[in-house]
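The structure appears right after this line, and notes come after that.
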Amino acid sequence: MTVATLQHKLAASGARPEHYRGAETPASFGDTKAEFAALLDGCAVFDMSWQAKLIFSGRDRVRWLNGMVTNNVRDLALGQGVYSFILTPQGHNQGDLVAYNRGDYLLAATDREQAPKITAVLQRYIIMDDVEIEDISDKLGAIGVAGPKASEVLSKAGIDVSALQAGQVIDTVCHEIGISVARNTHPRMDSYEIWLAAEQAERVWDALAAASATPVGSDALEMYRIDRGVPRYGVDLRERDLAQETGQEHALSFIKGCYIGQEIVERIRARGSVHRTFTGFEVQGDPPQPGTKVRANDKDVGEITSAARVPFPGGDRTLALGYLRREVATPGATVQVGEQSATVRTLPFI
């Protein structure tokens with residue numbers, strides 16, 4: 001079996017496939033509204049074959065990676081992870097990842113569509129350091145679990161996450177299968193990832209489904225991501241965006257020492273603010289296309305990066321994410337998005 005085994009199983013179940021974050025994964029299992037409802041009110045299980053895993057080994061791995069990323073890898077406790085950006089010397093974002101201390105090595109999780117670029121960027125900075133980077137994405141499978149009943153369903157499936165903190169990963173067993181379970185690092189996204197040998201993914205998926213987890217595809221996941229206000233690299237996070245403009249303060253450490261791009265981050269911190277900020281919009285009408293300009297007082301003041309028509313129980317709403325100049329980024333303010341009226345919203349939307 002390979003990672004494709006789970007994908008073939010899901011395709012055989014009637015799931016509509018889609019290329020998502022660098023891999024083929026189910027877009028929907030036939031009822032996207034019900035799938036989104038499971039993320040809001042129940043427990044959802046989803047394929048994460050789009051997640052890449054990079055191993056950093058060698059005696060210099062911690063010191064070296066700490067100098068490459070924006071967050072504090074140096075002081076990570078065993079089994080703990082942090083979300084970080086990789087910046088250019090000019091402070092622009094080249095990618096994002098979550099780095100975990102796994103004892104004898106560091107493990108980084110990112111999207112498959114980012115992995116080749118991130119690996120190439122980081123490889124350039126290995127000079128006299130004892131560091132090796134290995135991509136194990138095809139060996140280590142991943143299944144996601146999310147929703148307010150996620151911990152309950154995981155427990156029913158034999159996986160106890162009651163003591164798991166944000167960013168923490170533990171090694172455990174499910175139905176005699178060795179797995180690792182990581183809790184999401186994002187403060188607005190309470191979900192879990194199960195890492196396991198690729199050939200075991202089908203069995204663990206079946207155990208979660210038997211414990212009442214609802215299979216969901218990438219269409220519902222994108223709605224959920226937008227509703228929670230979580231930016232995605234390559235869509236909402238671009239190389240032209242400065243770290244503090246993205247609003248992802250949990251990606252930054254100001255006590256760790258030097259890293260690439262730190263000078264710009266510190267300069268912005270000293271100044272006290274940036275000109276733009278990442279925010280939410282509720283749009284009256286159809287979802288605007290990424291890149292649609294936001295206008296106020298007959299001036300361009302921002303742009304849309306993501307949007308979706310989201311099927312809430314009380315009725316469909318068009319939600320969007322994007323950037324807006326700070327002087328007009330007041331929650332409740334009315335702006336123009338293309339030809340449509342929109343209201344500025346705080347994140348998350350719910």
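Listed peptides 198-211, 40-53 appear in the order 40-53, 198-211 once ranked by packing, highest mean of other Cβ atoms within 10 Å at the front. Taking amide H as placed 1.01 Å from N in the peptide plane, Ser137 has its amide H under 5 Å from the amide H of Lys53, each at least 5 places away in sequence or on another chain. Around the Cα centre of the chain, unit charges on the Cβ atoms of Lys, Arg, Asp and Glu (plus for the first two, minus for the last two) sum to a dipole of about 860 debye. Modelled label positions at His250 and His8, each set 7 Å beyond Cα in the direction of Cβ, lie 3.7 nm from each other.
Computed over the alpha carbons of the stretch 8-164, Rg followed by Dmax gives 17.9, 54 Å. Cα centroids of the stretch 24-41 and the stretch 216-261: 23 Å apart. Taking a ≥ b ≥ c as the square roots of the eigenvalues of the alpha carbon gyration tensor, the stretch 159-219 is oblate, as a/c is not under 1.5 and a/b does not beat b/c. Sequentially through the stretch 241-258, phi angles give Karplus couplings (6.51, -1.76, 1.60; θ = phi - 60°) of 8, 7, 4, 6, 5, 6, x, 9, 4, 5, 8, 10, 10, 10, 10, 8, x, 6 Hz, Gly and Pro residues having no value and appearing as x. Computed over neighbours whose Cβ is under 10 Å from that of Thr110, the net charge equals +1, Lys and Arg +1, Asp and Glu -1.
Using C-alpha pairs below 8 Å separated by at least 6 residues, the relative contact order for the stretch 24-138 is 32 percent.
Among the listed values (i) 157; (ii) 166; (iii) 130, the one matching volume of the Cα convex hull per residue in Å³ as calculated from this structure is (iii). For His275, neighbours were defined as the other residues whose beta-carbon sits under 11 Å from its Cβ, and their charges (Lys and Arg +1, Asp and Glu -1) total +2. Each part reduced to its alpha carbon centroid, the stretch 133-169 and the stretch 272-350 end up 32 Å apart. Cross-link pairs exceeding 29 Å between alpha carbons, from the set Lys156/Lys256; Lys117/Lys149; Lys9/Lys149: Lys156/Lys256; Lys117/Lys149.
A simple spin-label model places pseudo-atoms 7 Å from Cα toward Cβ; at Arg238 and Asp190 they are separated by 3.4 nm.
Cross-link reach is defined here as a Cα-Cα straight distance under 18 Å, omitting same-chain residues fewer than 8 places apart; for Lys293 the aspartates and glutamates meeting it are Asp236, Asp241, Glu245, Glu282, Glu303, Glu327, Glu339. For the stretch 223-350, which whole percent of the accessible surface, found with a 1.4 angstrom probe, sits on carbon and sulfur atoms? Exposed carbon and sulfur together represent 47 percent of the surface. Sparsely packed loop sites in the stretch 215-271 (the GluC sites (Glu not before Pro) outside DSSP H, G, I, E and B with at most 15 other Cβ atoms within 10 Å) comprise Glu239. Taking each DSSP H run with n ≥ 4 as -39500 (n - 2.57) and averaging over every residue of the chain yields -6000 deg cm²/dmol at 222 nm. Checking every one of the trypsin sites (Lys or Arg not before Pro) in the stretch 64-143 against DSSP loop status and a limit of 10 other Cβ atoms within 10 Å picks out Arg124.
The values are calculated or read from the model by the stated rules, or taken from the named source; none is laboratory data. Not measured: the values here are computed from a predicted model. FYI the Cβ positions are ideal-geometry reconstructions off the backbone, even for glycines, and counts take in every protein chain you see. In case anyone asks, the SASA skips ligands and DNA or RNA and just uses the protein heavy atoms, side chains included. Shrake-Rupley method; radii C 1.70, N 1.55, O 1.52, S 1.80 Å.
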